Amino acid sequence: MYRVSIFGLGYVGTVFAACLASRGIKVVGVDVVEEKVKAINSGKPPFYEPGLEELVEKSVEKGLLEATTDHMKAVLSTDISVIFVGTPSKPDGSADLRYVESAAKMIGEGLKEKKDWHLVVVRSTVPPGTTEGLVKPAVEKESSKKTGKDFGLCMNPEFTKEGNAVHDTFYPSRIVIGEYDKKSGDTLEKLYREFHRDKIPPILRTNIVNAELIKYASNAFLATKISFINTIANICQKIPGADVNEVAKGIGLDPRISPLFLRAGLGFGGSCFPKDLKALIAYAKKLDYHPILLEAVLKVNEEQPLKAVELAKQALGKLKGKKIAVLGLAFKPGTDDIREAVSLKVIEALLKEEAHVVAHDPKAIENTRRILGNKIKYAETPLECIKDADCAIIVTEWPQFKQLKPSDYEKYMKTPVVIDGRRLYSPKEFKNTKVVYKAIGLGT
């Protein structure tokens, strides 16, 4: 059975490491942040992800998972090295590849001291041409070895969703292997067959540049569906009796369309869709192509969070001095991640209106506090959050918020105004109540 080193212990790298280890594969995780390394070696993941803590704890106890800052040790003690580092956006939207290059150099340094053949796998989301144009020469330069002879190379995009990442790793819809040569692809496929056993998903083996582009195209398409349905929602809001949920249900029954990613709301956030869309746009422009559709998708998404504030102003007039409860801070339920979170944009707009903001989230309060500090107040429970509020805005669709009934809003709020930014409720629930209910995509 192969031994694997993981370079980058962020959200996806740690999940992949823990899942591999839970199936008996020896894994060494590498990160430059000592706090992450210490946390994992103590059996605790450095962030929240459903089901992850138990996997990390058990794998560390069994000696199948360890973390280190020593990249040489990691490479020399494993057969496959996987790059999982971040590729954040530069000011112009293009992908910042410095961490990918750094990881490649580290692996190259290790390979210089190693006699055996080794496989290098890129799982970071990188623009087409990066694996062969940046990673390959970096590894070769540091190791003084040749790709295809002394080591193999693959690009293997990941398609996990935060909040569901453990399940997605165990049961992916597909595996895409971009291979430098057949030996590299065969080795990576064998690793996955060891991992998935008799439940191997469809495997697509292609060249490296196609694998790089598949990840960007996948995320861009899903983002397009979201911005499309939000555009329809914004039209629905101006038509009495229209409801985007019904429209989405009707078009989603068409098998050519499907209902997935047709849920209207305040837009997409997180570390992937916004970043990857910007990177693909920047990459296309470098090729002297103007991606009008992708730019429109991004523009719709950038404006969508403000729809919640517009609805609040419709209900209350000026927001100055009003107490606004923000329910949800994480970019989606099931995570504590607030990268590119819609909540931050909503809160920024509310503060510009001089509103007083109090927020609650089951998992993301501490991460938010690091960014916003005491600019807003934080509540420990949903009920505490809406108490004496003039308006409540549902920003993240945590199931805990659905437990709030119309009677709770009536009882605890100063003025019971609910802005449903994620269509958590059916409008029928608020009929014959004193609650003023407004929602994205609901015509009035």
Of all the residues that make up the range 9-42, how many are without any contact (Cβ under 8 Å) to a residue 60 or more places away in the chain, among the hydrophobic types (A, V, I, L, M, F, W, C) and not in a helix (DSSP H, G or I)? 4
Among residues belonging to the range 265-324 that are among the aliphatic types (A, V, I, L, M) and not in a helix (DSSP H, G or I), point out the one that is farthest from residue 422 (Cα to Cα). 287
Residues in the range 290-313: is at least one out of contact with any Asp or Glu (no Cβ under 6 Å at 6 or more places or on another chain), on the phi > 0 side of the Ramachandran plot and modelled with pLDDT of 95 or more? no
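Search the range 100-126 for residues being in a loop (DSSP other than H, G, I, E, B) and more than 31 Å from the chain's Cα centre (by Cα), and hand back the single one that is nearest to residue 273 (Cα to Cα).
Taking the candidates together, the pick is 117.
This table checks each residue for (1) loosely packed, with under 14 Cβ neighbours inside 10 Å; (2) assigned by TED's automatic domain parsing to the domain that holds residue 278; (3) among the small types (Gly, Ala, Ser).
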position	(1), (2), (3)
226	no, yes, no
229	no, yes, no
236	no, yes, no
240	yes, yes, no
243	no, yes, no
249	yes, yes, no
253	yes, yes, no
264	no, yes, yes
Within the range 314-335, can you find the residues that are of a type in the set (Lys, Arg), farther than 30 Å from residue 126 by Cβ and surrounded by 14 or more Cβ atoms within 10 Å (Cβ to Cβ)? 322, 323
Do you know which of the residues in the range 276-291 that are closer than 18 Å to residue 88 by Cβ and among the small types (Gly, Ala, Ser) is surrounded by the most Cβ atoms within 10 Å (Cβ to Cβ)? 279
Mind listing just one residue for me: the one in the range 63-87 that is part of a loop (DSSP other than H, G, I, E, B) and among the β-branched types (Val, Ile, Thr) and, of those, surrounded by the fewest Cβ atoms within 10 Å (Cβ to Cβ)? 69
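The values are calculated or read from the model by the stated rules, or taken from the named source; none is laboratory data. Note that the structure is predicted; figures quoted are calculated from it, not measured. Cβ: placed from backbone, ideal geometry, glycine included. Neighbour counts: every protein chain shown.
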